[in-house]
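The values are calculated or read from the model by the stated rules, or taken from the named source; none is laboratory data. None of these values were measured; they are calculated from a predicted model. All Cβ positions, glycine included, derive from the backbone under ideal geometry; neighbour counts span all protein chains shown. Just so you know, the surface numbers come from the protein's heavy atoms only, side chains and all, with ligands and any DNA or RNA stripped out. Shrake-Rupley method; radii C 1.70, N 1.55, O 1.52, S 1.80 Å.
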Amino acid sequence: MKILVLNAGSSSIKYQLINMENYAVIANGLIEQIGENSSLARIKYLDKEGAEQKIEHKLPIPNHEIALKLMSALLIESSAIHDLNDLDGIGHRVVQGGSSFREPVIVDEWVASEIERLIPLAPLHNPGHLAGIKVSLEQSPSVPQVVVFDTAFHATMPPHAYMYAIPYHYYEDLKIRRYGFHGTSHRFVAKEAAKFMGKKLSQLNAITLHLGNGASVSAIQNGQSVDTSMGLTPLEGLMMGTRSGDIDPAVLFYLARKEGLDIETLDRVLNKESGLKGICGINDMREVGQMAEEGNEKAQLALDMFNYRIKKYIGAYSAALGRVDCIVFTGGIGENAHNVRAKSCENLQNLGIEIDPILNQKRSSRTMQISTKESPVTVLVIPTNEELEIALQTQEVILAHKQKLH
Ligand code: ADP
């Protein structure tokens, strides 16, 4: 079975073709700056001898329709497929599924219209996803297509975790509540953690930390998300590369009144100019770490704030869960920045968390334990694989759908 995973944004499309017999990536690529003159379409694949090859075209790509045609031409040129209709399924990543979608589903007209209806909740993401889905349906009508939502894994959160303490009618009228994101990643690493711990997912209590440019933490009880740090949008929670995370909302009123900042500006400041970048001018954790080592005080402060916020969430979610079997670090920062892991878990022996400094320095492309043998809570580093998780869920939905038809 060959499944193509598509992550369509407003001006880019990431794609990955996966062989579901052995979960190997047959080809992956990126089409970026759609709608601009300097667009770029790229594919990477392994040739018959197993050597990595790359094809790249720089040309104007005016819209998603041309972008997807180019992607299929690249997949054919690389011999990954003969025709888009060779595919057994296409899995589309969708950031916001609101309250409508608790699980991945086969795309039909109603599903597409719901994703469109949810645009106000995800104005930066859902329009691009929708464009990708519509064009993909037109171009490969005979291939089953599934949408996998970043929010779906968190649909199990109880109301006391997802409600905001604001007038109830805003929830009823506008569906303002916490949804959570990165669900595909939290789910994938929770499943991997359960395997490592020799438990069923339904027996696992875990705190999963997805630390990338965006960062979120999830409290998982008996394999289900019961709380997560992102909210109505991916702005709430941990400090991130350019996002503020948790903040007293009164700061916004104060800025509006004192500096005359309008809504658009405040949105930009909190989403694009805050976080690590807001404190030290740089949002890339590698550089921030380097600057801190060289004695840059603001970089050190940014790092301290980042780690402290993680530590607070570990404490909060330990309280929410009662029993914690494991803590999982994942994402570009979680998988690579040993100093972040060490500092955010420092002095947490009272919560049963004890990192082994030597194990913590190691690197691995597989699940790796970094806690001491005696640590009651196991601390793991697990490389996330959101594309594979989307492909797995796509496969599951397609097989179940086929069975229902028979
Ligand atoms: P995204 O959320 O865009 O998928 P990633 O999960 O790739 O992002 O994470 C990107 C972050 O990971 C960046 O801040 C980057 O600096 C950080 N990162 C990647 N490698 C390292 C490393 N070796 N040490 C510290 N940080 C790293």
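Scanning segment 306-341 for residues that are more than 16 Å from the ligand (Cβ to nearest atom) and at positive phi gives a single hit, GLY322. Inspect all residues belonging to segment 388-395 and state whether any of them is touching a Phe, Trp or Tyr at 6+ places or on another chain (Cβ under 7 Å), modelled with pLDDT of 95 or more and among the charged types (D, E, K, R). Taking every residue of segment 388-395 in turn, at least one turns out to be touching a Phe, Trp or Tyr at 6+ places or on another chain (Cβ under 7 Å), modelled with pLDDT of 95 or more and among the charged types (D, E, K, R). When the criteria are applied in full, SER365 fails the requirement of being surrounded by 17 or more Cβ atoms within 10 Å (Cβ to Cβ) and not charged (D, E, K, R). Scan segment 337-353 residue by residue and report those that are touching a helix residue (DSSP H, G or I) at 6+ places or on another chain (Cβ under 9 Å) and exposed (fewer than 15 other Cβ atoms within 10 Å of the Cβ). If the condition is that a residue be touching a helix residue (DSSP H, G or I) at 6+ places or on another chain (Cβ under 9 Å) and exposed (fewer than 15 other Cβ atoms within 10 Å of the Cβ), then GLU346, ASN347 are the ones that fit. Looking across ASP304, ASP267, one residue alone is part of a helix (DSSP H, G or I), of a type outside the set (S, T, N, Q) and within 19 Å of SER344 (Cβ to Cβ). It is ASP304. For segment 48-81, a residue qualifies if it is in contact with a strand residue (DSSP E or B) (Cβ under 9 Å, 6 or more places away or on another chain), open to solvent by 40 Å² or more (accessible area, probe 1.4 Å) and in a loop (DSSP other than H, G, I, E, B), and the qualifying residues are LEU59, SER79.
Within segment 1-19, track down each residue that is more than 15 Å from ARG42 (Cα to Cα), open to solvent by 10 Å² or more (accessible area, probe 1.4 Å) and over 16 Å from the mean Cα position of the chain (by Cα).
If we filter segment 1-19 for residues that are more than 15 Å from ARG42 (Cα to Cα), which is where we start, we get 1-5, 9-10, 18-19.
Checking which are open to solvent by 10 Å² or more (accessible area, probe 1.4 Å) leaves us with 1-2, 9-10, 19.
If the condition is that a residue be more than 15 Å from ARG42 (Cα to Cα), open to solvent by 10 Å² or more (accessible area, probe 1.4 Å) and over 16 Å from the mean Cα position of the chain (by Cα), then MET1, LYS2, SER10, ASN19 are the ones that fit.
Residues that are open to solvent by 70 Å² or more (accessible area, probe 1.4 Å), over 18 Å from the mean Cα position of the chain (by Cα), farther than 22 Å from LEU124 by Cβ and at pLDDT 90 or above do not occur anywhere in segment 24-42. Scanning segment 180-208 for residues that are touching a Lys or Arg at 6+ places or on another chain (Cβ under 7 Å) and more than 30 Å from TYR164 (Cα to Cα) turns up just one, ALA194. The C-beta contact set for segment 265-276 (first residue more than 16 Å from the ligand (Cβ to nearest atom), second residue of a type outside the set (S, T, N, Q) and assigned to a loop (DSSP other than H, G, I, E, B), distance under 8 angstrom, 6+ apart or interchain) comprises VAL269/LEU261; LEU270/LEU235; LEU270/ARG243; LEU270/ILE247. Scanning segment 234-264 for residues that are assigned to a helix (DSSP H, G or I) and either within 28 Å of ALA161 (Cα to Cα) or within 11 Å of the ligand (Cβ to nearest atom) (or both) yields ALA250, VAL251, LEU252, PHE253, TYR254, ILE263.
Between GLY289, GLY278, GLY322, GLY334, which is touching a strand residue (DSSP E or B) at 6+ places or on another chain (Cβ under 9 Å), buried (at least 17 other Cβ atoms within 10 Å of the Cβ) and not hydrophobic (A, V, I, L, M, F, W, C)?
Numbers: GLY289 fails: touching a strand residue (DSSP E or B) at 6+ places or on another chain (Cβ under 9 Å); GLY278 fails: touching a strand residue (DSSP E or B) at 6+ places or on another chain (Cβ under 9 Å); GLY322 fails: buried (at least 17 other Cβ atoms within 10 Å of the Cβ).
Just a single option satisfies the conditions, and that option is GLY334.
Only residues that are more than 16 Å from the ligand (Cβ to nearest atom) and surrounded by fewer than 24 Cβ atoms within 10 Å (Cβ to Cβ): list them for segment 212-224, please. Break it down into steps so the answer makes sense when it comes.
Let us first name the residues in segment 212-224 that are more than 16 Å from the ligand (Cβ to nearest atom), namely 219-224.
Residues satisfying the conditions are GLN221, ASN222, GLY223, GLN224.
Inspection of segment 247-256 finds a residue satisfying the criterion of being at negative phi, open to solvent by 60 Å² or more (accessible area, probe 1.4 Å), more than 24 Å from the chain's Cα centre (by Cα) and hydroxyl-bearing (Ser, Thr, Tyr). Residue check: is SER99 part of a loop (DSSP other than H, G, I, E, B) and more than 26 Å from the chain's Cα centre (by Cα)? Taking the combined requirement at face value, the residue does not satisfy it. Just one of (1) open to solvent by less than 80 Å² (accessible area, probe 1.4 Å); (2) under 23 Å from THR208 (Cβ atoms); (3) touching a helix residue (DSSP H, G or I) at 6+ places or on another chain (Cβ under 9 Å); (4) not acidic (Asp, Glu) fails for TYR317. It is (3).
Residue-level check: of (1) farther than 26 Å from GLY91 by Cβ; (2) open to solvent by 10 Å² or more (accessible area, probe 1.4 Å), ILE207 misses just (2). The residues of segment 363-406 that are under 17 Å from GLN145 (Cβ atoms) and touching a strand residue (DSSP E or B) at 6+ places or on another chain (Cβ under 7 Å), listed by number, are GLU387, ILE390, ALA391, GLN393, THR394, GLN395, VAL397, ILE398, HIS401. Taking every residue in segment 326-338 that is over 7 Å from LEU211 (Cα atoms) and hydrophobic (A, V, I, L, M, F, W, C) and pairing it with any residue that is open to solvent by 10 Å² or more (accessible area, probe 1.4 Å) and near the ligand (Cβ under 6 Å from one of its atoms), at least 6 positions away or on another chain, the pairs with Cβ-Cβ distances below 6 Å are ALA337/MET285.
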